[in-house]
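First comes the structure, then the notes that go with it.
The values are calculated or read from the model by the stated rules, or taken from the named source; none is laboratory data. As the structure is a computational prediction, the values presented were derived from the model and not from experiment. Heads up, the Cβs are rebuilt from the backbone with ideal geometry, glycines too, and the neighbour counts pull from every protein chain shown. Just so you know, the surface numbers come from the protein's heavy atoms only, side chains and all, with ligands and any DNA or RNA stripped out. Shrake-Rupley method; radii C 1.70, N 1.55, O 1.52, S 1.80 Å.
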Amino acid sequence: MDSEKAIAAIKEAKPPATDRFTYLTIVESNLSPAVLPTLNEVLQDAELTQEIGWDLVYNLANLPGSDECLETIARLGNPREVILKVLETLELLSQDDGYESDDESEAGETNGEKSVPFKQKFITLVNMLSILHKRIKTKYPSRFLATSLQTIYNTYRPNHEMTAAVINLVRSLAGNKRPPLPSRKSSVNVANPDQHGDATKNAPDPEADKETEGPTESAIQERLLLSFATCILESFVNKNDVAWAPRLLEFHNPEKIVPGRKTLMARFRDEKELSEKDGAVGQLVALIADLGLSSCGKNFLSQVSEGPLHTDPLSKTEDISKPEDIGLSTGGCVILLAYWVFSTTVFDSDHPVPDMHMFPNHLAMLDKFLQGDAEDQIQKAPGTVQALVTIGLWLHDNGLISAIPKASLVNQTSSPDGPTSDYMSYILFVTLVAVFHPQLHVRNAASCLAGQVLHADPADDDRLKILYDLLENCDYASLKACAVTWLREELIAAGPSAQAAPQNLAAPNNQTPLPSSTLQPGSATPGTRSRAGTNMNVFAGPQALETVQYVVFPNMDSLKEQDVQELVNYLGTNAPFILQAANFGLFLWSSADKWRRVLPLNLDATVKERWLAPLKDAVAKVKTAVDSGEVEGQELGSLQFDLDVLGERLSRLEAAEGFAVAK
């Protein structure tokens, strides 16, 4: 009965029966899903809709089933006023709803009626903008477009439905240059006004400018759309892990795949949720190509590696007079590069690949993104940082290390600003990713890349300096463990014959085994010339271990004075490094005759006295405390596993044939 009264009031009060202000009040006070068909009939009066339509946008956007009314307002209302109201509504609704889940079930109820989830409101309002911007006739339409794109970007949430709506918008405003891609199945119907609407119903702009568009307007609008698309690409990949770096490692190193464990390559192929991520990114990349960015020439690469860092280029589009003034998202461009090299390699896609090298181009990119507060940058933009790692892996796999010939690098003398500094800086940036990235598989990929770059340094004394610096100054046990692995690989590569490095004997904390850097044959050979001026590789004799022995096997006498809780804290913090050092000791002394050429005189006796004995006592002390209940399992955490493994490794090392008797 109330619905019938509301419908009657909306019909009977229609102007000229009342003035427009009174009528607007009557409509707003009677809004409900039941009156929407009647209201949509009333709104077919273009003159009335131009008067009141814009003022209904916010209330209608919150009402289920209001899509047809809002589309009518977009087609018949005053486009300038409606655009402003749509943008205001987007901002208000985004603030009201917060950052809600994509789960449709969280829509909830308001006054006993289902409320509209924010993503559906976003899709509807963005669809309105795709109609409105094509209706507006002004000399500078780019000014309206810039404001709209900034607001959409600020309220966009990187899920598949909102991304589809954004792609529809850009294609609509730019003009479809290819057939629309198949829409994904979704709980939300992402309608495309260009496909489902009737543009013949659009009313002319009542405030149309008599002057024609400026000569650069078309180019400015297309550049704005391109800038917007790169921002959306960065936002989507930063929120959705696409696993390019670990998948690229799987592709190039199939022998390292754990038997019986489903690979990421297979998961992204078979699992719908993951394959949809690839599909969404592919559509965004195709959109960017349609907008004109489909090659990676020198100018593009120069902007990405050497140009200013654009984190929000849409916020700097006021008073733009030429398209060149509009920046692209630097992170979005890095992600685009990573997609090109990844899809070209893994899927054999037809995409451009960059003409660049690790040095100087990729190092410049790393410096741009990770200089300063690297931890904060990595946490804020994990997808962009993974893209940087992906590009680095691709460059290494394709031998694109340095633009300077290898022979020239070897013959240069070391200097603070020379190649040594470049390799050290590069490894530092990548190891920061290995420490701070939120995804374990990206941390492992970054560790692998750091090892590859270390081994790629053509001067062996540089490689030794870098290893020493990491082992001496790094605060992170997992990275020091990686450095020990890289040291072992250097010893193997400098040996009399190319031998495969053994797999890691244990992985700390039951995690993925510490990644080997896959030292390539010939990347660090016995004949590599050192900058010290000799042809003897420092890793082929005892010099390397003489240099690093005190940082690989530090003096552990201080453990004798620590109580149980202090020992638990120390071992818990340093377990990955200590365990890898024990593995390294087993590697050396289980085949002492084989590695005698690299062992300094009496190293075994020294290591046993200052490192192994106090460390073994400390482990035994903690295990005794655990067995007696002095230390609870909760306090130990994952250290319990490491204690068992470490105790076993130390016992094996003590009994090793080459270690049992001091020479």
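Regarding GLY383, is this residue more than 19 Å from ILE427 (Cα to Cα) and outside any loop (DSSP other than H, G, I, E, B)?
Here the answer is yes, as GLY383 does meet what is asked.
Residue by residue, here is whether (1) open to solvent by 10 Å² or more (accessible area, probe 1.4 Å); (2) closer than 23 Å to LEU400 by Cα; (3) without any contact (Cβ under 8 Å) to a residue 40 or more places away in the chain; (4) touching a strand residue (DSSP E or B) at 6+ places or on another chain (Cβ under 7 Å) holds:
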| position | (1), (2), (3), (4) |
| --- | --- |
| HIS455 | no, yes, no, no |
| ALA459 | no, yes, no, no |
| ASP462 | no, yes, no, no |
| ASP469 | yes, no, no, no |
| CYS474 | yes, no, no, no |
| ARG488 | yes, no, no, no |
| LEU491 | no, no, no, no |
| GLY495 | no, no, no, no |
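Does the range 14-32 hold any residues that are of a type in the set (Gly, Ala, Ser) and under 23 Å from ASP67 (Cα atoms), and which are they?
Our first condition is that a residue be of a type in the set (Gly, Ala, Ser); within the range 14-32, this holds for 17, 29, 32.
Within the range 14-32, SER29, SER32 meet the criteria.
So which of VAL631, VAL607, VAL619, VAL645 ends up being crowded, with 16+ Cβ neighbours inside 10 Å and not in a helix (DSSP H, G or I)? Spell out the reasoning first.
Numbers: VAL607 fails: not in a helix (DSSP H, G or I); VAL619 fails: not in a helix (DSSP H, G or I); VAL645 fails: not in a helix (DSSP H, G or I).
Step by step, each of VAL631, VAL607, VAL619, VAL645 is checked, and only VAL631 is crowded, with 16+ Cβ neighbours inside 10 Å and not in a helix (DSSP H, G or I).
Please note which helices (runs of 4 or more DSSP H) are completely contained in the range 181-268 and include at least 1 residues that are open to solvent by 80 Å² or more (accessible area, probe 1.4 Å) and at pLDDT 95 or above. Working first, answer last.
Working: elements: 193-196, 217-239, 244-252.
In the range 181-268, the matching helices (runs of 4 or more DSSP H) lie at 217-239, 244-252.
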Residue identified as open to solvent by less than 40 Å² (accessible area, probe 1.4 Å) and touching an Asp or Glu at 6+ places or on another chain (Cβ under 7 Å) among LEU287, LEU274, LEU314, LEU291: LEU291
Among the helices (runs of 4 or more DSSP H) lying completely within the range 418-476, list those that include at least 2 residues that are at pLDDT 95 or above and within 22 Å of ARG247 (Cα to Cα). 419-436, 440-456
Expected output for the range 347-374 (first residue more than 23 Å from GLY282 (Cα to Cα), partner β-branched (Val, Ile, Thr) and assigned to a loop (DSSP other than H, G, I, E, B), Cβ below 8 Å, 6+ apart or cross-chain) is HIS357/ILE401; MET358/ILE401; PHE359/ILE401; PHE359/ILE404
Could you please let me know if LYS621 is farther than 22 Å from ASP475 by Cα and in contact with a Gly (Cβ under 9 Å, 6 or more places away or on another chain)? no
